[in-house]
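Input: a single structure, listed below in structure tokens.
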């Protein structure tokens, strides 16, 4: 759990720091191999047939895919949806990892899917993300592989078996961590708005925010693995708040 949260926080921190330098977006178009979704959600969801764009946004490859509900599922386990890029022989591309959408992916896409599944109808666009990392050479390499070799993609789904969520009354330490994290997020958004408007005072505040980011990172690492469902939902909403703010700039 802590490793997953640490990774999610780190991705957001990197995005926050880099966003003021300007976004660099390049696109590649691929088609879905099949309308079928493999695994846990097979028979409940399917891919809407069509062409889809893969965008490079900072250090992430992002694939937006439209899914359609074909059968009602009132209650579901915690799960993730993933995508693999395929070559002309329908084999996974070597050198690229898996694109993911899950409860840990600082997005409410999974909640939207669950709402549609409970209704038994609807179409949802899901953002699947492959994080390249901080190395710019890896970013260029990943984009090159996708643009030269990717012809299609497949969608898989599976139950999450590595997330520990407590259903007790909650851990007060987690409440403090999340409150600090939300305060940090609000400060980041204000700082980004200043930087985006050309306010030079943002550079002075940057060092203070960077120190807070390091402190929060330590808090997540030291926390116990007893986060509750409500606390996890709060964590995801805070993540999404910052991602939404950066995407609007």
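The values are calculated or read from the model by the stated rules, or taken from the named source; none is laboratory data. Quick caveat, the model's predicted, so the values are computed rather than measured. For neighbour counting, all protein chains shown are included, and Cβ atoms are generated from backbone atoms with ideal geometry for every residue, glycine included.
One table, with the values for the structure above:
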quantity	calculated
Residue satisfying condition, being surrounded by 14 or more Cβ atoms within 10 Å (Cβ to Cβ), within 19 Å of the chain's Cα centre (by Cα), assigned to a helix (DSSP H, G or I) and modelled with pLDDT of 75 or more, within set 142, 195	142
Positions within the range 78-93 being closer than 30 Å to residue 143 by Cβ and surrounded by 15 or more Cβ atoms within 10 Å (Cβ to Cβ), in sequence order	79, 80, 81, 82, 83, 84, 85, 86, 87, 93
Filter result for residue 183 (surrounded by fewer than 18 Cβ atoms within 10 Å (Cβ to Cβ), in a helix (DSSP H, G or I), within 22 Å of the chain's Cα centre (by Cα) and modelled with pLDDT under 80)	no
Residue, surrounded by the most Cβ atoms within 10 Å (Cβ to Cβ), within the range 211-245, restricted to residues that are without any contact (Cβ under 8 Å) to a residue 60 or more places away in the chain, more than 15 Å from residue 184 (Cα to Cα) and more than 18 Å from the chain's Cα centre (by Cα)	224
Residue 115 vs. criteria at pLDDT 80 or above and surrounded by 15 or more Cβ atoms within 10 Å (Cβ to Cβ)	no
Residue check, residue 75 at pLDDT 80 or above, within 24 Å of residue 159 (Cα to Cα), exposed (fewer than 14 other Cβ atoms within 10 Å of the Cβ) and in the same structural domain as residue 32 (by TED's automatic domain parsing)	yes
Residues of the range 212-233 satisfying the condition of being assigned to a loop (DSSP other than H, G, I, E, B) and in contact with a strand residue (DSSP E or B) (Cβ under 6 Å, 6 or more places away or on another chain)	226
Answer from 28, 57 - the residue that is touching a strand residue (DSSP E or B) at 6+ places or on another chain (Cβ under 9 Å), surrounded by 14 or more Cβ atoms within 10 Å (Cβ to Cβ), modelled with pLDDT of 55 or more and within 30 Å of residue 213 (Cβ to Cβ)	57
Filter result (touching a helix residue (DSSP H, G or I) at 6+ places or on another chain (Cβ under 8 Å) and either assigned to a loop (DSSP other than H, G, I, E, B) or within 27 Å of residue 141 (Cα to Cα) (or both)) within the range 59-74	59, 60, 61, 72, 73, 74
